[in-house]
1. How well do other chains shield peptide A:234-241, expressed as the mean number of their Cβ atoms within 10 Å of each residue Cβ?
2. So for the range B:187-343, averaging the separation of alpha carbon pairs under 8 Å that are six or more residues apart and normalising by length, what relative contact order in percent results?
3. Please provide three numbers in whole Å: the alpha-carbon extents of the range B:3-183 along the principal axes, with the largest listed first.
4. Cut-off under 15 Å on the C-alpha distance; same-chain residues fewer than 8 positions from A:K43 excluded. Which aspartates and glutamates are left, in chain and number order?
5. How well do other chains shield peptide B:255-263, expressed as the mean number of their Cβ atoms within 10 Å of each residue Cβ?
6. In whole angstrom, how far apart do the alpha carbon centroids of the range A:123-148 and the range B:4-34 sit?
7. Smallest Cβ-to-axis distance in chain B, for the rotation taking B to A: which residue, how many Å?
8. By average Cβ neighbour count within 10 Å, what is the ranking of B:78-88, B:248-258 from highest down?
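Just so it is clear, none of the values below were taken in a lab; they were calculated from the coordinates. Fair warning: this is a prediction, and the values are worked out from it, not measured in the lab. Here the Cβ is made from the backbone with ideal geometry for all residues, glycine too, and neighbour counts use every protein chain on show.
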Number of protein chains: 2
Amino acid sequence: MARIAILGAGMMGSALVFPLVDRGHELSLIGTHLDTEIIRALKAGADHPTLRLPLPSSVQPFYAHESSEALRSADAIALGVSSAGVRWAGQALAASLRGGVPLLMISKGLVYGEQGFAILPDVLRQELPSELDVAPVAVAGPCIAGELARRVETCVVFTGRDANAVEAWAELARGPYYHVFASGDPVGSEVCAALKNAYAMGIGFAAGLHERIGGSAGSIAMHNCEAALYAQAILEAQRLVELMGGDPACAAGLPFAGDLNVTCNGGRTGRFGRFLGNGLGRAGAITAMNGATLECLEILETLRAGLSALERRGQFLFSEFPFLRHMLEVALDDRPVDIPYREFFRAPRPT
Amino acid sequence: MARIAILGAGMMGSALVFPLVDRGHELSLIGTHLDTEIIRALKAGADHPTLRLPLPSSVQPFYAHESSEALRSADAIALGVSSAGVRWAGQALAASLRGGVPLLMISKGLVYGEQGFAILPDVLRQELPSELDVAPVAVAGPCIAGELARRVETCVVFTGRDANAVEAWAELARGPYYHVFASGDPVGSEVCAALKNAYAMGIGFAAGLHERIGGSAGSIAMHNCEAALYAQAILEAQRLVELMGGDPACAAGLPFAGDLNVTCNGGRTGRFGRFLGNGLGRAGAITAMNGATLECLEILETLRAGLSALERRGQFLFSEFPFLRHMLEVALDDRPVDIPYREFFRAPRPT
């Protein structure tokens with residue numbers, strides 16, 4: 001039994017309490033300043049407002065301002081904040097974190113700055129005191145929070161730069177329905193986790209194009225193109241992962257092919273792509289999403305900035321990534337969807 | 001413009017007339033002895049009975065006994081017979097086929113015999129006179145016939161042991177919505193095409209398990225496990241392709257990951273898996289399929305026979321293919337579905 005604190009009470013942070021409580025751990029769930037309503041509901045004994053489920057009764061909810069004791073006494077900490085909140089979380093943790101405490105990041109993402117592309121665990125590490133003995137562990141793979149909270153069989157990858165830290169968190173978390181596989185490829189896993197949001201949008205184009213000509217979702221006449229987009233997405237992800245220093249095998253596994261499957265089947269990213277395919281245009285599609293966070297736009301902006309710089313230096317060719325290039329044109333430049341199938345499935349040019 | 005004969009008037013053979021007619025070719029569609037009703041309908045000017053569409057009016061339908069002239073005068077021939085009919089088709093062709101005529105096989109599959117595993121183009125080649133200059137070309141990738149016949153954008157792979165023959169057929173067939181990519185890996189492509197039928201069944205287990213506990217298809221609480229099964233399927237397919245002498249990259253591309261996507265979304269194989277996951281048992285699931293051809297059972301029998309022989313010789317370990325092993329137990333031995341997630345995503349043992 002361990003004392004575990006989860007910082008961030010959104011859907012994924014809160015869903016993670018289920019496998020952890022079921023393993024016998026003692027859980028503190030700490031809201032960020034964005035989670036005040038959620039913590040208020042939980043303190044009042046109500047269901048979790050977005051998961052729409054009661055949490056296990058042993059879970060202790062805390063407001064952000066009550067967090068320091070829970071963080072200081074924790075044997076392990078998980079961060080369930082959004083990608084945008086990672087720097088904030090790092091600073092919030094810096095005061096309370098003891099060395100050697102295993103730290104799990106649920107947020108996924110990729111940023112681009114002066115040093116080039118960086119994965120979120122590395123961004124977080126930079127925010128923590130450099131003398132502290134902490135190596136963040138990241139999670140990747142197909143996991144819809146609402147399903148995990150309903151104890152659906154789920155397979156995820158835990159990964160990081162320190163194998164002992166990875167195994168420590170994997171050992172705390174794995175259980176009868178939460179299957180945790182350790183990986184030593186944090187770059188590959190995190191790049192995949194970011195990319196799948198972009199490509200899930202692009203795969204949604206197929207359903208949108210189909211609806212545009214009067215077809216309805218799920219009926220005949222969209223699966224052939226959807227499947228072709230899926231295969232091209234895996235091909236391009238393999239190359240992007242390799243370019244960024246990860247193992248391309250990742251892209252055919254849980255972190256990309258698996259997570260892309262779940263994202264296409266379930267999520268808002270695919271719905272946004274469908275609106276684009278249906279011809280709503282960038283502004284129309286954003287409006288139709290009613291204010292939902294669109295990670296795909298964020299990752300596409302990041303990819304365009306970073307990859308354009310690489311192309312200027314002769315280290316990248318957009319022409320070898322025709323699907324990605326088209327997604328950038330559609331989602332960022334408001335060009336109509338017109339999928340360049342003929343450019344797909346080409347071998348990369350000799351360098 | 002070329003004169004093209006298609007032998008076999010089932011759904012896929014007949015769907016192929018659309019891109020070929022649209023490219024300006026002159027088409028003969030020849031029924032096998034199983035297609036008499038289809039040819040009768042077409043000769044009467046009715047819709048194609050299973051595609052439920054009229055064929056382009058320039059297509060000439062022929063009964064099997066009328067075939068020899070059409071075959072003899074053809075500039076290119078495609079075989080749209082089922083896997084089981086390949087030997088028969090080879091013998092039927094032997095009399096009429098001229099050397100140098102490009103020959104496309106639409107049937108996909110894998111057989112196991114005294115020589116080990118063999119792909120269908122090689123089986124067909126054996127049935128043809130050895131002195132004849134013919135190298136069969138095979139097609140792989142995600143293509144639902146009913147969608148191709150409605151001119152949906154479709155990406156497929158043409159492959160074979162002779163690059164010129166592959167390119168000749170690709171050049172005849174590729175057009176504005178039928179995108180043909182040439183591959184020099186017939187073994188990888190054909191093994192993938194066969195395997196995806198087996199794995200599509202296994203992925204269907206997830207939906208069935210979900211229905212069994214009262215969930216309905218598409219709702220929350222099945223996507224996490226479905227996505228994990230999908231990723232494990234790609235991993236096992238990569239290893240099986242390599243074992244059989246193909247390029248494992250195939251398994252992450254159109255011939256497996258792409259085709260598996262379409263098969264899970266559309267086809268009867270996934271429905272059969274769902275019935276098994278739902279607890280109907282082997283006999284119950286077969287009954288529920290109302291006599292539909294179940295390629296998955298055929299390929300699973302073939303894999304068990306061939307891989308067991310390899311295991312006895314120390315060249316294969318079923319323990320490294322836990323998903324395949326479980327599919328064999330469920331579909332062939334009538335064991336209940338109980339997915340061995342914990343054995344998934346393991347590195348192969350050192351040899």
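1. Details: counts 7, 6, 0, 1, 3, 0, 0, 0.
Neighbouring Cβ atoms belonging to other protein chains average 2 per residue here.
2. Numbers: 212 pairs, mean separation 48.8, N = 157.
The normalised contact order for the range B:187-343 reaches 31 percent.
3. Cα extents, longest axis first: 45, 34, 28 Å.
4. List returned: A:D35, A:E66.
5. Working: counts 1, 2, 10, 12, 2, 5, 13, 8, 2.
Partner-chain Cβ atoms within 10 Å, mean over residues of B:255-263: 6.
6. So the separation of the two Cα centres works out to 56 Å.
7. Axis relating chain B to chain A; nearest Cβ residue and distance: B:A252, 2.
8. Details: B:78-88: 21.1, B:248-258: 28.3.
Going from most to least packed, we get B:248-258, B:78-88.
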